[in-house]
Structures are given as structure tokens and as C-alpha cells.
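Below you'll find the structure, written out as C-alpha cells, and then a few comments.
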Amino acid sequence: LKLNHFYTPALKEMSQMLTATWNAFQVGEDQLEHYVDIMAALGANTATSLEEISEALQKVASTANVTGVSMEKMSSMVATVSSTTRQAANVVGTAFNTILGRISSLKLGETLEDGVTLTKYTQALGQIGVNVLDATGNLRNMGDVIEEIGGKWKTLTTAQQSALASTIGGVRQYTNLIALFNNWDQYQKNLSVATNSAGQL
């Protein structure tokens, strides 16, 4: 993206946030405009903004990339939670970074501070018919896992929802997962917007 000579401090800050997101997702120059199209489209169609989405993504992009959550899905999750809770962008981004970071830690064989292990994590999801591991025993892409959970969310009792969100997100961040899953229809609309965002910039 070429910036003109009106390079204000705000524009510089936005440029830095976007660059951090692109670097984290490890995309080439050919994808830069597409990524801004996604954020611009979601900012225009939800109660959040391109700037807020960009700021949140700066916190979570690297972890999203490592755990297999695409730019379209991650942006849509951020936009859904940001627009429904109206939390600060950095709070939403940090929340998702923590949520996705948990599975990365479990992959390394760690026991989390709340006592959750990979076995407990997989068992909790297995009870609702969602596999965290593939046929070879490797972790599946978390973008796909989260979508499967979202598709089953309304079939769960409130107690099941709370317990599952706590296992996945931890005691500090489970409310953000609940905000995402309780607004799953909105997430799907946002994902459609993100997927069909070409030219929105």
C-alpha cells in the first residue's frame, strides 16, 4: 500500500499495526490489500472499526497463524466479540491470544495453571463430538475446531456451555468465548463478509 504525503501520527500508527498483522500471518505483498479489504469490510458492517480490528489482530495474529486460524476467521471472531461486548480492542485481541495460546502450551505437554492438560482438553471436546487431534495424533487447525464447536453450541445446556468455555478459554477468558458462541449467527455473517471482501478498501 502506498501512503501519500499526508502521513499523520495516526496513519503511522495504523500502518505499524497493519504491518505487524501481515508479518504475523507471514503473507506476501500480493495479500496486503486483501487483508485490509477484510478489515475494512468488517469495520463497515459491524459495530467496530478497521482500526479496532487491526489493533486486536496485532495481539493475536502470530498465535492465530501458528494454531491454524485464518485471517478471515480470526478477523470475524474479533469483530463479533468486539461489536457485541464493546471491550477495548487490545482486550479482545489479548483474550483470543490467551485462548489460542492455551492449546499451544498443551501441545508442548504443559499442564495449565487451572490444571487443564491436553487429555482433559480433548476429553471435554470429545464429549460434544469435536476432535482436537487428527487421525495421526496431531492438533487440528483451531479455526476448524472452533467452527465445529460453534455449530454445536446451541445444542448444549447452559452448564455444558460454561464448563466447555472454561476448559477452552480458562477462567479469565471464557466469557469472550461465550460472547463468540452466543453470537454465532453474527460470526457466520461476519465470515461471509470477510470472505467476500475483495475491493472494500
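For the stretch 84-144, what does the accessible surface come to per residue with a 1.4 Å probe? Please give it in Å². Intermediate values should be presented prior to the final figure.
Numbers: 3130 Å² over 61 residues.
Using a 1.4 Å probe on heavy atoms only, each residue of the stretch 84-144 averages 51 Å².
Enumerate the whole-percent occupancy of each 5 Å bin, from 0 to the last occupied one, for all C-alpha pair distances of the stretch 28-87.
4, 20, 32, 26, 14, 4, 1
Between M142, T119, S104, whose Cα lies farthest towards the positive end of the dipole of the stretch 86-169 when Lys and Arg beta carbons carry +1 and Asp and Glu beta carbons carry -1, centred on the Cα centre?
Comparing the listed Cα positions along the dipole, M142 ranks first.
So who's got an amide H within less than 5 Å of the one on L133, skipping anything under 5 residues away but keeping other chains? H placed 1.01 Å off N, in plane.
R140
What is the gain in length, in nm to one decimal, between V91 and E148 on full extension, counting 0.36 nm per residue of separation less the C-alpha to C-alpha distance? List each step's numbers first, then the result.
On the way: separation 57, 0.36 × 57 = 20.52 nm, distance 2.48 nm.
Gain on stretching V91 to E148: 18.0 nm.
Calculate I(q)/I(0) for the stretch 117-177 by the Debye formula, one identical point scatterer on each C-alpha and no solvent, and give its log10 at q = 0.18 Å⁻¹ to two decimals.
-0.61
Quote the Stokes-Einstein diffusion coefficient, in whole µm² s⁻¹, for the stretch 63-169, based on the Kirkwood radius over alpha carbon pairs, a temperature of 4 °C and a viscosity of 1.567 mPa s. Display every interim value, and only then the final one.
Working: Rh = 14.4 Å.
Translational diffusion coefficient: 90 µm²/s.
Please work out how much accessible surface E148 shows to a 1.4 Å probe, ignoring ligands, DNA and RNA, in Å² rounded to 10.
70 Å²
Around T195, with a cut-off of 14 angstrom between Cβ atoms, what is the net charge of the other residues, counting Lys and Arg +1 and Asp and Glu -1?
On the way: positive: K73, K189; negative: D37, E72, E147.
Counting the neighbours of T195, the net charge comes to -1.
The values are calculated or read from the model by the stated rules, or taken from the named source; none is laboratory data. Computed from a predicted structure; not experimentally measured. No Cβ is skipped: glycine too gets one built from the backbone with ideal geometry, and neighbour counts run over all protein chains shown. Ligands, DNA and RNA are excluded from the accessible area calculation, which covers all protein heavy atoms including side chains. Shrake-Rupley method; radii C 1.70, N 1.55, O 1.52, S 1.80 Å.
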